[in-house]
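What follows is a set of notes on a single structure, which appears directly below.
The values are calculated or read from the model by the stated rules, or taken from the named source; none is laboratory data. This is a predicted model, so every value here is computed, not measured. As a convention, Cβ positions derive from the backbone with ideal geometry for all residues, glycine included, and neighbour counts pool all protein chains shown.
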Amino acid sequence: MKRYRLFLLNVALFLLLGCQPEPVSFRNTDITGASFGRDFSLTDHHGQPRTLADFRGRAVIVFFGYTSCPDICPTTLARLAEAMKELGEDSKRVQVLFITLDPERDTLAQLKTFVPWFHPDFLGLRGEPTQIQALTTEYRVFASRHAVEGALGYVVDHSSGAYVYDPAGRLRLHVRDPNSVQDLVADLRVLLH
């Protein structure tokens with residue numbers, strides 16, 4: 001009788017362990033449970049106030065940059081647009097938010113011209129300089145303005161990469177700049193399904 005009970009216990013444990021869901025394995029950096037990147041209140045390039053909660057039910061990609069950026073920003077936005085194309089119908093459940101690090105120059109009109117050029121559904125966001133400074137601290141984004149020769153007058157050196165939230169509004173991923181579009185698409189599909 002003891003052997004029979006032991007056998008049943010082993011079968012039950014095997015079945016129970018076999019029913020556990022596979023742990024999620026992302027291709028980008030999993031930061032689930034991070035205590036930063038909580039929320040913001042900014043204005044989109046249409047003049048509408050926005051918070052992260054406005055996009056519940058969609059995966060959200062947050063990227064910090066500025067419209068005069070000579071390299072990182074246009075390259076990243078182009079890669080994000082490519083990811084949207086690869087996602088097909090699922091792209092309707094993804095929102096890309098470009099938060100300017102240069103609110104002095106990046107007016108709503110400037111953002112409205114620049115950001116949708118990459119994809120019509122992307123939104124540019126801006127706030128007052130103090131709000132942006134608080135966000136760089138909250139999101140652990142490096143940004144440093146320094147003077148340059150020429151018409152620009154200054155550039156903003158900044159960290160690259162993007163943050164990805166799941167449809168429930170939880171911060172889940174950090175996407176480093178050199179990671180591939182295919183890796184981002186694979187991770188977004190995991191978050192959306």
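Evaluate the stretch 62-71: report whether one residue or more is out of contact with any Lys or Arg (no Cβ under 7 Å at 6 or more places or on another chain), under 17 Å from A168 (Cβ atoms), surrounded by 17 or more Cβ atoms within 10 Å (Cβ to Cβ) and modelled with pLDDT of 95 or more. Taking every residue of the stretch 62-71 in turn, at least one turns out to be out of contact with any Lys or Arg (no Cβ under 7 Å at 6 or more places or on another chain), under 17 Å from A168 (Cβ atoms), surrounded by 17 or more Cβ atoms within 10 Å (Cβ to Cβ) and modelled with pLDDT of 95 or more. When residues in the stretch 145-154 are screened for being in a loop (DSSP other than H, G, I, E, B) and free of Cβ contacts under 8 Å to residues at least 12 places away in the same chain, 5 of them pass.
Has the stretch 176-188 got at least one residue that is in contact with an Asp or Glu (Cβ under 6 Å, 6 or more places away or on another chain), closer than 15 Å to Q95 by Cα and either modelled with pLDDT of 95 or more or in a helix (DSSP H, G or I) (or both)? The answer is yes; a qualifying residue exists. Would the stretch 111-127 turn up any residue that is among the β-branched types (V, I, T), assigned to a helix (DSSP H, G or I) and in contact with a His (Cβ under 8 Å, 6 or more places away or on another chain)? Scanning the stretch 111-127, I find at least one residue that is among the β-branched types (V, I, T), assigned to a helix (DSSP H, G or I) and in contact with a His (Cβ under 8 Å, 6 or more places away or on another chain), so the answer is yes.
Being of a type in the set (A, V, I, L, M, F, W, C) and in a strand (DSSP E or B) is the filter; apply it to the stretch 163-175 and report the residue that is nearest to Q95 (Cα to Cα). Among those that are of a type in the set (A, V, I, L, M, F, W, C) and in a strand (DSSP E or B), it is V164. Going by what's in this entry, would A34 be described as touching a residue at least 24 places away in the same chain (Cβ under 8 Å), farther than 29 Å from L152 by Cα and either assigned to a loop (DSSP other than H, G, I, E, B) or of a type in the set (D, E) (or both)? For A34, the condition - touching a residue at least 24 places away in the same chain (Cβ under 8 Å), farther than 29 Å from L152 by Cα and either assigned to a loop (DSSP other than H, G, I, E, B) or of a type in the set (D, E) (or both) - is met.
Sub-8 Å Cβ pairs linking a first residue in the stretch 155-166 that is buried (at least 18 other Cβ atoms within 10 Å of the Cβ) to a second residue that is polar (S, T, N, Q) and in a strand (DSSP E or B), at least 6 apart or interchain, are V156/S144; H158/S144, ordered by first then second residue. A Cβ distance below 6 Å, combined with a sequence gap of six or more or placement on separate chains, defines the contacts here; from the stretch 96-109, residues that are closer than 16 Å to I72 by Cβ reach residues that are in a loop (DSSP other than H, G, I, E, B) in the pairs V96/F122; T100/Y66; T100/D106; L101/Y66; D102/Y66; D106/Y66; D106/T67.
Quick check: anything in the stretch 44-52 more than 20 Å from V164 (Cα to Cα) and in contact with a Pro (Cβ under 9 Å, 6 or more places away or on another chain)? Looking through the stretch 44-52, at least one residue is more than 20 Å from V164 (Cα to Cα) and in contact with a Pro (Cβ under 9 Å, 6 or more places away or on another chain). No other residue among S91, S160 is under 17 Å from the mean Cα position of the chain (by Cα), farther than 16 Å from L52 by Cβ and assigned to a helix (DSSP H, G or I) apart from S91. Condition first: without any contact (Cβ under 8 Å) to a residue 40 or more places away in the chain and more than 24 Å from T32 (Cα to Cα). Can you find one or more residues in the stretch 167-180 that meet it? Within the stretch 167-180 (the criterion being without any contact (Cβ under 8 Å) to a residue 40 or more places away in the chain and more than 24 Å from T32 (Cα to Cα)), the answer is no, since none of the residues qualifies.
Do you know which of the residues in the stretch 116-144 that are more than 18 Å from L52 (Cα to Cα) and in contact (Cβ under 8 Å) with a residue 24 or more places away in the chain is surrounded by the most Cβ atoms within 10 Å (Cβ to Cβ)? By that ranking, first place goes to F118.
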